[in-house]
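Only one structure is covered here, and it is reproduced in the block below.
The values are calculated or read from the model by the stated rules, or taken from the named source; none is laboratory data. Predicted, not measured: the structure shown is a model, and the values here were computed from it. FYI the Cβ positions are ideal-geometry reconstructions off the backbone, even for glycines, and counts take in every protein chain you see. Areas reflect the complete protein model, heavy atoms only, side chains present, ligands, DNA and RNA absent. Shrake-Rupley method; radii C 1.70, N 1.55, O 1.52, S 1.80 Å.
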Amino acid sequence: MLKNKINKQNKIWDVVVIGGGASGMMAAAVSSSRGLSVLVLDKNKSLGEKLKITGGGRCNITNNEPDIHKMLKVYGEGAPYLYSPFSIFGVKDTFTYFESRGLPLVVQARNRVFPVTEKAIDVFNVLYKEMINNNVVIQTNCTVSGFIHNDNKIININTNQGQFYAKSFILATGSMSHPETGSTGDGLVFLKDLGHSVFDSSPDIVPVAVLEDWVKSLSGTSLSFMKISFYLDGKRQFSKLGKILFTHFGLSGPLILNSAKNIKKLLDEGEVKAFIDLYPDTTLGDLEKRVIKVFDLNKNKMFKTIIKDFVPDGMHLAVAEVIDFMDLNTKVHSISKENRKEIVKLLKAMPLTIVGLMGYDRAVVVDGGVSLSEIDMKSMRSKLYENLYVTGDLLHLNRNSGGYSLQICWTTGYISGMSV
Ligand SMILES: Cc1cc2nc3c(=O)[nH]c(=O)nc-3n(C[C@H](O)[C@H](O)[C@H](O)COP(=O)(O)OP(=O)(O)OC[C@H]3O[C@@H](n4cnc5c(N)ncnc54)[C@H](O)[C@@H]3O)c2cc1C
């Protein structure tokens, strides 16, 4: 073991990859396939911990958007920087890379692509096998602490297991979301220390926290066709239609995650309320008719026993909790017209108070990262250091959920692996 360690340290590797997550493994697999000697260092005891939990363990590996302009629009201000890298390794190449290595992919709702097996571990296994077949050496429990460099070249790196030398270094330490997977923002500090401009991080694609207890009591329930509207200081700002997931702290699901950026801006400006429309495709008038019909059939029953007859599955207790203007034990025939109208209004606008976004531990994506203007996007090489390459979440790129983050890992991992 000691001999092994000394050999690794004395050697000048063609490539040292720092961080064995999605982009680092792709970079190692590709560079080693060119016959280069490659060492992967990771501070965890095993590689790819975040990759293994992507897409709830199913791994939304990319997004099958055939129109490059539409695809890149998702990356906002980063889009102009991505035309060139995506022309080298884009969505089609992701399909080819994984499918040709025995992992068929399938396109699901909203163009999201998954392995047919719906197992993130199978994506990990493709990359891991590729690295092993190409003789990549993997050193785990190895935490990189800093770079030794001259004006424009990295000489070696310091770690808890000594120094390592290489001709090229690929920095792939990820960002700060779910730090328990190893991504604790170390690479952002290294890049700053090296003189790169690094945008500050904050949780970006992240669930939101709400005040109301009824939401928390619905934890685990998901509603697939809801409309949610967000208000700032009483003024409507934007609405979204889709699936909402209730959690023990608030709201999640794709619709909420992809709204987090905008909600964050609103929270900086004032009080943010949200209203959930439980029947987005039914007008207030039609909904009232539906409620009247239920009331007519159940005139002598207590109101609380018939709520579930006119609210979506799983929501009746929550609706009961929000109705504070009448006694739930009231017999249906005694409910006033005003109260009936209030009930219907509530079904079209269940009120919520948004108190904030959840933290790094719950974020799918954290924004911030190295400025793209300081990276040569055709090679992923730093413009400040001739033998330093940067990949994946370390790049300052905003995006939505839907496979767009991993596509960046495949694209930048591949390009750096081909460029070193
Ligand atoms: C819960 C969750 C679900 C997600 N689902 C999806 C999805 O379905 N589709 C999608 O496109 N994106 C998804 N993402 C985002 C996606 O996982 C990331 O964009 C991607 O994993 C980033 O890869 P990376 O290579 O940049 O870094 P990471 O995967 O974060 O890997 C970084 C590696 O570097 C190592 N490291 C860090 N610091 C050091 C150090 N100092 N020394 C040595 N090693 C170090 C870490 O241990 C880690 O192994 C999800 C994210 C989360 C948190």
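Quick check on my filter: what residues within the range 373-420 are of a type in the set (A, V, I, L, M) and open to solvent by 10 Å² or more (accessible area, probe 1.4 Å)? Break it down stepwise before answering.
As a first pass, look at the range 373-420 and keep what is of a type in the set (A, V, I, L, M): 375, 377, 380, 384, 388, 390, 394-395, 397, 406, 408, 415, 418, 420.
Of everything in the range 373-420, those that are of a type in the set (A, V, I, L, M) and open to solvent by 10 Å² or more (accessible area, probe 1.4 Å) turn out to be MET377, LEU384, LEU406, MET418, VAL420.
Among residues that are open to solvent by 60 Å² or more (accessible area, probe 1.4 Å), over 26 Å from VAL364 (Cα atoms) and away from the ligand (no atom under 11 Å from the Cβ), ASN150 is included.
As a summary of the residue check, LYS378 satisfies the conditions (1) touching a Pro at 6+ places or on another chain (Cβ under 8 Å); (2) within 16 Å of the ligand (Cβ to nearest atom); (3) at pLDDT 95 or above; (4) not hydroxyl-bearing (Ser, Thr, Tyr) except for the one numbered (2). Considering the range 62-147, the qualifying helices (runs of 4 or more DSSP H), each wholly inside and each with 3 or more residues that are hydrophobic (A, V, I, L, M, F, W, C) and open to solvent by less than 60 Å² (accessible area, probe 1.4 Å), run over 79-88, 91-99, 120-133. Filtered by the rule that a residue be closer than 15 Å to TYR385 by Cα and either of a type in the set (D, E, K, R) or open to solvent by 10 Å² or more (accessible area, probe 1.4 Å) (or both), the range 167-193 gives LYS167, SER168, PHE190, LYS192, ASP193. Which of the residues spanning the range 265-279 are surrounded by fewer than 19 Cβ atoms within 10 Å (Cβ to Cβ) and assigned to a helix (DSSP H, G or I)? Hits for the range 265-279 are LYS265, LEU267, ASP268, GLU269.
Looking only at the range 280-315, residues that are within 20 Å of SER229 (Cα to Cα), in contact (Cβ under 8 Å) with a residue 12 or more places away in the chain, open to solvent by less than 30 Å² (accessible area, probe 1.4 Å) and not in a helix (DSSP H, G or I) come to 3 in all. The residue of the range 29-52 that is farthest from the ligand (Cβ to nearest atom), among those that are assigned to a loop (DSSP other than H, G, I, E, B) and among the hydroxyl-bearing types (Ser, Thr, Tyr), is SER37.
A quick yes/no check of all residues on (1) touching a strand residue (DSSP E or B) at 6+ places or on another chain (Cβ under 7 Å); (2) more than 23 Å from VAL364 (Cα to Cα); (3) within 14 Å of the ligand (Cβ to nearest atom):
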| residue | (1), (2), (3) |
| --- | --- |
| ASP93 | no, yes, no |
| GLY102 | no, yes, no |
| LEU105 | yes, no, yes |
| GLU118 | no, no, yes |
| ILE121 | no, no, yes |
| ASN158 | yes, yes, yes |
| PHE169 | yes, yes, yes |
| GLY174 | no, no, yes |
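Taking every residue in the range 171-190 that is in a helix (DSSP H, G or I) and pairing it with any residue that is near the ligand (Cβ under 8 Å from one of its atoms), at least 6 positions away or on another chain, the pairs with Cβ-Cβ distances below 6 Å are THR181/GLU49; THR181/LYS50; ASP186/THR173; GLY187/THR173; GLY187/LEU394.
Considering the conditions (1) of a type in the set (Phe, Trp, Tyr); (2) surrounded by fewer than 19 Cβ atoms within 10 Å (Cβ to Cβ); (3) farther than 16 Å from ASP393 by Cβ, PHE199 is excluded by exactly one of them, (3).
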